[in-house]
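As structure tokens, the structure follows; a few thoughts come after it.
The values are calculated or read from the model by the stated rules, or taken from the named source; none is laboratory data. Treat the numbers as computed from the prediction; the structure is a model and nothing was measured. Note: ideal-geometry Cβ built from the backbone for every residue, glycine included; neighbour counts use all protein chains shown. Areas reflect the complete protein model, heavy atoms only, side chains present, ligands, DNA and RNA absent. Shrake-Rupley method; radii C 1.70, N 1.55, O 1.52, S 1.80 Å.
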Amino acid sequence: MSLGLYLHFPFCRNTCSYCDFYKELHSPEQERAFFSALEIETRLAAEQLQDRDIRTIYVGGGTPSLSNLELFARWLEQVRGLFHVLRGIEFSFECNPESVSVDGLERLGELGVNRPVFGVQSFDKKLLKRLGRRHNVHDTHQSVYLANALSFATFGVDQIFGIPGQTGKMLSTDLDAIVDLQAPHISYYHLTVEPGTPLAEKVDAGKLRIPEADRVAAFYRAGCEFFAEAGYKRYEICSFAKPGHECKHNLGYWEGEAYIGLGPAAHSFVGEQRFYNPRSIDEWASALHEGNHPGVPDDSGPDERMTEAIMLGLRISRGIDRARFAERFDCDLDSRLNSQQYEILVKAGYLISEPGALRLSDEGFYLADEIARRLLK
């Protein structure tokens, strides 16, 4: 059985106002300590997961493009020595535009990275400042220019919509600008105000107002239609790609494939069991230096797995594979659905039932969360 491999690089130079991912302020000393503990975790993971192929690698964060690439290269050498890393795999690496350089991007290519992902988020100075981003439009264009100049066959860009204060005109400008980059892959995310973030504190204090649900829905629809006209296919609710440039690693998440997560706050899914590393670099590293694996299994079981498979499967354009669902859970997909709601949604044209799959229609994608809620018993 093959695995996706995710590495959480937990360091940033600053804290973005909306970000709820685990991160610490970057320092060279702490980064060296991180890679030292990571070597232990990688060895322990390899001992537990013998004879597993690595089918994709994704490095996220945090800001992976801040990493010391010599330390990163040493870790990669260890991975390739302990696991069977398939030839030509998709290897994604997240980059903040302001931390991208020609030498760094070229070195990543030499190490096997073939899919850099640039956190563009917006082209509007006010919105970037509101999000706490450090880069500017020049940084974004330079990053994409370098990716093309260094002949990366594919790369991705991320964009956020539904930002407090974002107008329809701002969104239109952002959509024009993101498509002009001609990136093979676009991720189009609705901003979620997470509790405990600086953005949430301003919203709670009445200093910022999040857009109303109708406006956010209109922004999402506008993006979907704009990307389709530009030749991008929506293959997942938030993901748009030119043909052949879908993110294989993320598809593995949505289709219930096994993956291993390394680093503090990383998640793993192996043998139908989820594991969670602590959201603390100190707790994570302490466990490893004591010879223990830091991953803690959750208490969910088969019912939760089936619910996940339905909710995640409906996120992707090809939908839930009926045969795979039956093989995985030893039960028919329809037996897990609310039959009354199922019939209503099919007749309304939001849900498409096929012999091999159950999927959302184009209109159904705009109501995906509500449809999933109604379908589940």
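Considering each of GLY62, GLY4 in turn, give the residue that is in contact with a strand residue (DSSP E or B) (Cβ under 9 Å, 6 or more places away or on another chain), modelled with pLDDT under 95 and surrounded by 22 or more Cβ atoms within 10 Å (Cβ to Cβ).
Step by step, each of GLY62, GLY4 is checked, and only GLY62 is in contact with a strand residue (DSSP E or B) (Cβ under 9 Å, 6 or more places away or on another chain), modelled with pLDDT under 95 and surrounded by 22 or more Cβ atoms within 10 Å (Cβ to Cβ).
Which one is nearest to GLY223 (Cα to Cα) among residues in region 355-377 that are in a loop (DSSP other than H, G, I, E, B) and touching a Lys or Arg at 6+ places or on another chain (Cβ under 8 Å)?
So in region 355-377, the residues in a loop (DSSP other than H, G, I, E, B) come out as 355-356, 361, 366-367, 377.
With the extra rule that they be touching a Lys or Arg at 6+ places or on another chain (Cβ under 8 Å), the set shrinks to 355-356, 366, 377.
On the way: PRO355: 31, GLY356: 29, TYR366: 12, LYS377: 32 Å.
Applying the filter and picking the extreme gives TYR366.
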Item to check | Residues located in region 19-38, provided they are open to solvent by less than 40 Å² (accessible area, probe 1.4 Å) and either among the hydroxyl-bearing types (Ser, Thr, Tyr) or in contact (Cβ under 8 Å) with a residue 60 or more places away in the chain (or both) | outcome: CYS19, TYR22, SER27, PHE34, ALA37, LEU38
Checklist entry - Does region 171-178 include one or more residues that are open to solvent by less than 20 Å² (accessible area, probe 1.4 Å), assigned to a helix (DSSP H, G or I), more than 30 Å from ALA309 (Cα to Cα) and in contact with a Ser or Thr (Cβ under 8 Å, 6 or more places away or on another chain)? => result yes
Checklist entry - Do the conditions hold for PHE118, that is, is it within 17 Å of the chain's Cα centre (by Cα) and either open to solvent by less than 20 Å² (accessible area, probe 1.4 Å) or closer than 23 Å to LYS248 by Cα (or both)? => result yes
Checklist entry - Is there any pair with a first residue in region 50-70 that is within 25 Å of ASP20 (Cα to Cα) and in contact (Cβ under 8 Å) with a residue 60 or more places away in the chain and a second that is part of a strand (DSSP E or B) and open to solvent by 10 Å² or more (accessible area, probe 1.4 Å) whose Cβ atoms are under 6 Å apart and which are 6 or more apart or on different chains, and what are they? => result THR56/ILE89; THR56/GLU90; TYR58/TYR6
Item to check | Checking ILE40 against (1) farther than 24 Å from CYS95 by Cβ; (2) aliphatic (A, V, I, L, M); (3) assigned to a strand (DSSP E or B), the condition it does not meet | outcome: (3)
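Tell me which residues, restricted to region 267-296, are part of a strand (DSSP E or B), out of contact with any Ser or Thr (no Cβ under 6 Å at 6 or more places or on another chain) and closer than 28 Å to CYS238 by Cβ. Working first, answer last.
Residues of region 267-296 that are part of a strand (DSSP E or B), as a first pass: 267-270, 273-276, 296.
Filter again for out of contact with any Ser or Thr (no Cβ under 6 Å at 6 or more places or on another chain), leaving 267-270, 273-274, 276, 296.
Within region 267-296, HIS267, SER268, PHE269, VAL270, GLN273, ARG274, TYR276 meet the criteria.
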